[in-house]
Amino acid sequence: GNSVTQMEGPVTLSEEAFLTINCTYTATGYPSLFWYVQYPGEGLQLLLKATKADDKGSNKGFEATYRKETTSFHLEKGSVQVSDSAVYFCALSEMINTDKLIFGTGTRLQVFP
Amino acid sequence: KAGVTQTPRYLIKTRGQQVTLSCSPISGHRSVSWYQQTPGQGLQFLFEYFSETQRNKGNFPGRFSGRQFSNSRSEMNVSTLELGDSALYLCASGEGYEQYFGPGTRLTVT
């Protein structure tokens, strides 16, 4: 079945450091890919999305490119801030008669000043 | 537009009891999905409703059920609660590519 694999956390960085969180997926067909972020005590917020191969999703300085050849959707940010500290989830959806999302296990990011 | 709202935000129940959680989607959204979030299992899909019909269902026992009303509001019910049902229950509404999540209901079973 379809699945998403994320790198284990926590990821600990100093402010202004470069961030990469790895995400790979297994899917039949052509899924859409997403990154969601969860701040403490809150629900999930959509950070960015890509709906087809080679699409690049971007938002708030975060980017991810849909790579079909490597089945990956790695999240990157050039310079993290303390306010980016949160849990990040990679997810996919087959988008055929369903809005169901399949999530990775989440990666906790901690940014220190 | 108001976001997805979930009530109650916190709930404490005893083993064997049942519970009903409510979700009000963003106005105009016809799809509502429910997820269970636990530290051990992560985010797991429970079910999805579209225009009052269950469109998809996850691998949960029959104690977990849901429904959607004509105004798109949705409820989920868990009967005969077990300790392992303690979790954050998240509801999402959307149309197509973007799903918007509510803040969740934190259920604690003692």
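Data table
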quantity: Alpha-carbon Debye profile of the stretch A:52-104, log10 I(q)/I(0) at 0.17, 0.23 Å⁻¹; calculated: -0.66, -1.04
quantity: Sites matching trypsin sites (Lys or Arg not before Pro) across the stretch B:1-97 that sit in DSSP coil, with at most 12 neighbouring C-beta atoms within 10 Å; calculated: B:Lys1, B:Arg9, B:Arg15
quantity: Stokes-Einstein diffusion coefficient of the stretch B:1-65, Kirkwood radius over Cα pairs, 4 °C, 1.567 mPa s, in µm²/s; calculated: 95
quantity: Span from the the stretch B:1-75 Cα centroid across to the the stretch A:80-106 one, whole angstrom; calculated: 18
quantity: Cβ-placed point charges (K, R +1; D, E -1), dipole of chain A about Cα centre in debye, nearest 20; calculated: 200
quantity: The stretch B:89-110 and the stretch A:1-63: distance between their alpha carbon centers, rounded to Å; calculated: 18
quantity: Farthest positive-ward along chain B dipole, Cα basis, beta-carbon charges - from B:Gly94, B:Ile12, B:Cys23; calculated: B:Ile12
quantity: Cα convex hull of chain A, projected area averaged across orientations, nm²; calculated: 6.7
quantity: The protein assembly as shown, dipole about Cα centre (Lys/Arg Cβ +1, Asp/Glu Cβ -1), debye to the nearest 20; calculated: 600
quantity: Radius of gyration, Dmax [the stretch B:16-108; alpha carbons; angstrom]; calculated: 12.5, 38
quantity: Net charge of neighbours whose Cβ lies under 15 Å from the Cβ of B:Thr108, counting Lys and Arg as +1 and Asp and Glu as -1; calculated: +2
quantity: Förster radius 22 Å - calculated FRET efficiency between B:Arg73 and B:Tyr10, Cβ distance, rounded to 0.05; calculated: 0.65
quantity: Range in chain A, longest, excluding exposed GluC sites (Glu not before Pro) [loop by DSSP; at most 14 other beta-carbon atoms within 10 Å]; calculated: A:70-113
quantity: Förster radius 25 Å - calculated FRET efficiency between A:Ser14 and B:Thr38 (Cβ-Cβ, nearest 0.05); calculated: 0.20
quantity: Distance in nm between pseudo-label sites at A:Glu76 and B:Ser86 (7 Å out along the Cβ direction from Cα); calculated: 4.2
quantity: Tail fraction, Cα-Cα pairs, the stretch A:13-71, threshold 20 Å, whole percent; calculated: 33
quantity: Angstrom value of the Kirkwood radius, inverse mean 1/r, which spans all Cα pairs in the protein assembly as shown; calculated: 18.0
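Values in this text are rule-based calculations from the coordinates and carry no lab data. Bear in mind the structure is a predicted one, so any value in this text is a computation, not a measurement. Positions of Cβ are generated from backbone atoms using ideal geometry, with glycine treated the same way; all protein chains shown enter the neighbour counts.
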